[in-house]
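A quick write-up on the structure given underneath.
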Ligand SMILES: [Fe+2]
């Protein structure tokens, strides 16, 4: 358990200016993704990557029993395993971008880190979960003058360099959250003339995408293991998804020292509709 060491996550980073924030939110809604560029420093990347190794190297976490932390290439509930992953959820400048899109009562829906070696990965094009705003045949797309609502954002940060296609970057099809359907082709999908964009960069770059945009991880054809940290945030109206779901209880040590914003991100809410 790595709550014994102190957090390396930088808590002094400033949010974007209100003007910049508004531009980013606008671009995110239009394109379905936003590439923030370099965000995490070397120490932060090192700490997060080490936490992933600690989970991956534990034999007992590989399985399908209650409490296990691994599903395929996903390392689950990383906030439970390491204080750096917990603190990452409240890291600027992205947490305030996420709040601007999902609301000031948003929370983390899950926190799965991805570790994929050669030939591994989620390489099929998809939207997460399901198409939330489907359109019937004959209706080509959602009206560009409305905003397709965003309920879930994936915020991802490579912890190893992913500068070229061979290292397996995330790819997205810009604007495809307006399609009202799943990817139009299993290979090389495009939406209104725009094909896949590869979100490449050095360790520490951050990017976020609408979970209804068509996306995948490009196959990792190199011999480098790809480490991808991050957070999945959702609107308050979407429930959190922490295995084993029924009777999940967040361990007390995760809450220790957390301020009100972090507690809310972890799931502390006021009474409200339905509860
Ligand atoms: Fe996905």
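The values are calculated or read from the model by the stated rules, or taken from the named source; none is laboratory data. Just so we're clear, the structure is a prediction, and the values are computed from it rather than from any experiment. Backbone-built Cβ (ideal geometry, glycine too); neighbour counts: all protein chains shown.
Quick look at the numbers
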| quantity | calculated |
| --- | --- |
| Number of the exception - residue 145 against (1) free of Cβ contacts under 8 Å to residues at least 12 places away in the same chain; (2) surrounded by 15 or more Cβ atoms within 10 Å (Cβ to Cβ) | (2) |
| From 100, 51, residue being surrounded by fewer than 22 Cβ atoms within 10 Å (Cβ to Cβ) and touching a helix residue (DSSP H, G or I) at 6+ places or on another chain (Cβ under 7 Å) | 100 |
| Residue count, the stretch 145-178 (criterion: under 18 Å from residue 101 (Cβ atoms) and in a loop (DSSP other than H, G, I, E, B)) | 8 |
| Enumeration of residues in the stretch 98-130 that are more than 13 Å from the ligand (Cβ to nearest atom), modelled with pLDDT of 95 or more and out of contact with any strand residue (DSSP E or B) (no Cβ under 7 Å at 6 or more places or on another chain) | 99, 100, 103, 104, 105 |
| One residue from 253, 248, 227, 207 being within 29 Å of residue 148 (Cα to Cα) and either modelled with pLDDT of 95 or more or part of a loop (DSSP other than H, G, I, E, B) (or both) | 207 |
| Number of the exception - residue 38 against (1) touching a strand residue (DSSP E or B) at 6+ places or on another chain (Cβ under 8 Å); (2) more than 23 Å from residue 200 (Cα to Cα); (3) in contact (Cβ under 8 Å) with a residue 12 or more places away in the chain; (4) surrounded by fewer than 15 Cβ atoms within 10 Å (Cβ to Cβ) | (2) |
